[in-house]
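One structure below.
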Amino acid sequence: MSIDYAERIPNNVDLHEDRRLQRALESWQPSFLGWWQTMGPTLPTEDVYLRTAMNVGREGWAHFGHVAMKDYRWGIFLAERDGERKISFGQHKGEPAWQKVPGEYRSDLRRLIVIQGDTEPASVEQQRNLGATAPSLYDLRNLFQVNVEEGRHLWAMVYLLHAYFGRDGREEAEALLLRNSGSDDAPRILGAFNEETPDWLSFFMFTYFTDRDGKYQLGTLKESAFDPLSRTCEFMLKEESHHMFVGTTGIDRIVERTAQLMVEHDTDDPGPYGAIPLSTIQKYINFHYTVSLDLFGGEQSTNVANYFTAGIKGRWMEERRKDDHTLLSDSAVVDAVEDGRISSTEIPALLGLNQDLRTEYVADCENGLTRWNRVLEEAGLPQRLALPHRAFNRRVGVFAGLHVTPAGQVVSKEEWDVQAGQWLPTDTDKTHVRSLMQPVYERGKIASWIAPPRNGINGKPFDYDYVHVA
Ligand code: BYC
């Protein structure tokens, strides 16, 4: 399954054997490159130490080297095909996985692929100006690595649209480059992808919380009966883990630096010493976690029940679940709101699958909090960070419209409005964070508000020339 780099579009799907498809994708390629030039990273660079996929096998799949970003070889890489693969859930359980799109599921599958595809370029757009304020060359390189791979993930979805959905697939592929994050006229589809990522604290929170939604959604699409989608997602997940590593260790290093300055100056407010106060970090957690919870859709969803029954979207770790994988007679308890109070209700399990996935995600998010609190504990500090209640600050699902504190108490709108500034980043918090965002492009140097990483990339030291800024 090695990748053919002699082709104009690197791929491991024998693209040259289907001239029509190859031509269609080659005609989309300039649109993609045009989008990258106008909506991609704004900082001019000569080259960046990037990894490029070489094969999709388990070990040593990537090559590292300095590359001019516009010459990055975006391509189409699917995980290896298992010719024996069977559908593992839903009404087609036990049947061979589909190599083509069944007519009756065409529009649902296209919708899921378009939603997934839409998030990828959206995140590049959100992050496009961050290069101007990078805390180190190491971090700058990681930002660009994330950006080029999100670009590749767009290619992954565009390949599926072109190869399996005919003319409307090609139209959707064009439209993916026409919607833009935060645009009034043509915004991105999901809420979190229209929010700003104006500073590096937001970037690390985004890669921790929002990329992690990506991990879970891709994990469910990897279970799909539509085999090309499954294989695409399997390889995307491999790339995705670096993005979450960037988020996790980015926040580790911010908390470490904050704790260090709090101890050194014996203060709760290390802001004047060039750090980000814990209270601000907590507010950013509150914001990014809750907008990411919205990405799981409603607690009760007929869409998700239909996707599961059809076999097009499974559950996280479907094959490890100890049930019949059809869920026809199972029930689940999901969140509800009754007379303005948070409660729960029992519903058919199929309708509750968005919350099933959200629950897996929440448990995973907790791991970060444990890590960051360990950093505080090791510094001898009594403060702790926490995830807010899942009903706090929600716009999608049963909690939308309810006013709930981070501790989970329902309050009036007036009370919520008075206190919101203690829970979510205020203009003052954002201004302080932005004031710290001074670029550091010198090898081996780092900004005041973040600790250096423990290790460099691919065995290189921290002071390696990861990026040559133009
Ligand atoms: N914003 O039945 P419901 C990633 C709509 S991130 C706006 O509860 P469903 C990445 C919904 O469309 C992963 N609208 O929703 C991360 C529906 O509309 P219709 C991206 C929303 O369909 C970082 C209505 O509300 N992938 O990869 O069960 C960097 C009723 O909703 C939202 C996916 O999301 C929202 N947040 O679940 C780069 C996977 N939520 O039908 C990349 C594909 C719901 O009434 N998507 N609505 O017009 C899906 O599986 C599902 O569409 C969703 C929603 C989970 C998003």
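Once amide H atoms are built 1.01 Å from N in the peptide plane, which residues 5 or more positions from Val404, or in another chain, come under 5 Å H to H?
Amide H to amide H, under 5 Å and 5 or more residues apart or across chains, Val404 pairs with Asn393, Val411.
Cut-off is 10 Å between beta-carbons; in what order do Trp74, Trp155 appear when sorted fewest neighbours first? Let's see the in-between values first.
On the way: Trp74 20, Trp155 24.
By the 10 Å Cβ count, ascending: Trp74, Trp155.
Have a look at Leu278, Ser202, Tyr138 and report the one farthest towards the positive end of the charge dipole of the chain, computed about the Cα centre with Cβ charges (Lys/Arg +1, Asp/Glu -1).
It is Tyr138.
Amide H of Phe226 versus every other amide H placed in the peptide plane: which residues, excluding those fewer than 5 positions away on the same chain, fall under 5 Å?
Long-range HN contacts for Phe226: Trp98.
Just how far, in whole angstrom, is segment 277-305 from segment 361-429 if you go by their alpha carbon centroids?
Answer, in whole Å: 10.
For segment 310-353, rounded, prolate or oblate, judged on the Cα gyration tensor with a ≥ b ≥ c (square roots of eigenvalues), a/c < 1.5 rounded, else prolate if a/b > b/c?
On the way: a/c = 2.68, a/b = 2.46, b/c = 1.09.
In terms of gyration-tensor shape, prolate.
Taking Rh as the Kirkwood radius computed over C-alpha pairs, what is the Stokes-Einstein D of segment 324-437 at 37 °C in a medium of viscosity 0.692 mPa s, expressed in µm² per second?
On the way: Rh = 17.0 Å.
Answer, rounded: 193 µm²/s.
If neighbour count is taken as other Cβ atoms inside 10 Å, put Thr428, Thr290 in order from fewest to most. Present the calculation step by step, with values, prior to reporting the outcome.
Working: Thr428 10, Thr290 25.
Going from least to most buried by this count: Thr428, Thr290.
Rounded to the nearest 500 deg cm²/dmol, what is the calculated helix-only ellipticity per residue at 222 nm for the chain, with -39500 (n - 2.57) per DSSP H run of length n ≥ 4? Show your work: numbers first, answer last.
Working: 12 runs with 208 residues, N = 470.
For the chain, the value works out to -15000 deg cm²/dmol.
Which peptide among 336-343, 44-51 comes first, and what is the full order, when sorted by highest mean count of other Cβ atoms within 10 Å? Don't skip to the answer; put the middle values down first.
Working: 336-343: 12.2, 44-51: 18.0.
Peptide ranking by packing, descending: 44-51, 336-343.
Starting at the first residue of segment 357-368, write each ³J(HN,Hα) from the Karplus equation 6.51 cos²θ - 1.76 cosθ + 1.60 with θ = phi - 60°, in whole Hz, x for Gly and Pro.
Karplus-based 3J(HN,Hα) across segment 357-368 equals 5, 4, 5, 4, 5, 4, 4, 5, 4, 4, 4, x Hz.
Quick check on packing: order 108-119, 136-147 by the mean number of other C-beta atoms within 10 Å, highest mean leading. Walk me through the numbers on the way to the answer.
On the way: 108-119: 20.8, 136-147: 24.6.
In decreasing order of mean packing, 108-119, 136-147 become 136-147, 108-119.
Residues with beta-carbon under 13 Å from that of Gln22, excluding Gln22: net charge, scoring Lys, Arg +1 and Asp, Glu -1? Don't skip to the end; give the middle numbers.
Details: positive: Arg8, Arg19, Arg20, Arg23; negative: Asp4, Glu7, Asp14, Glu17, Asp18, Glu26.
Local net charge: -2.
Enumerate the amide H contacts of Asp47 below 5 Å, restricted to partners 5 or more residues apart or on another chain; note that Pro and chain-start residues carry no placed amide H.
His468
For the chain, compute the number of Lys pairs whose alpha carbons are separated by less than 13 Å, excluding pairs fewer than 8 positions apart on the same chain.
Values: Lys86/Lys222; Lys93/Lys313; Lys215/Lys238; Lys222/Lys238; Lys222/Lys313; Lys283/Lys430.
Taking the chain as the scope, the lysine pair count is 6.
Given a Förster radius of 45 Å and the C-beta distance between Ser183 and Gln99 as r, what FRET efficiency does 1/(1 + (r/R0)^6) yield to the nearest 0.05?
Values: r = 37 Å, r/R0 = 0.81.
So the FRET efficiency works out to roughly 0.80.
Rounded, prolate or oblate for segment 1-57? Axes are the square roots of the Cα gyration tensor eigenvalues, ordered a ≥ b ≥ c, and the cut-off for rounded is a/c under 1.5. Each step should come with its number before you reach the end.
On the way: a/c = 3.36, a/b = 1.35, b/c = 2.50.
Since a/c reaches 1.5 but b/c is at least a/b, the shape of segment 1-57 is classed as oblate.
At a 10 Å Cβ-Cβ cut-off, how would you order Val67, Val124, Val333, fewest neighbours first? It would help to have the intermediate numbers written out before the result.
Numbers: Val67 18, Val124 22, Val333 12.
In increasing order of surrounding Cβ atoms, one gets Val333, Val67, Val124.
Just want to confirm a number: the relative contact order over the chain, from Cα pairs under 8 angstrom separated by 6+ residues, in percent.
Values: 786 pairs, mean separation 91.4, N = 470.
Value for the chain: 19 percent.
Where a number appears in this text, it was derived from the coordinates with a stated rule and is not lab data. Quick caveat, the model's predicted, so the values are computed rather than measured. FYI the Cβ positions are ideal-geometry reconstructions off the backbone, even for glycines, and counts take in every protein chain you see.
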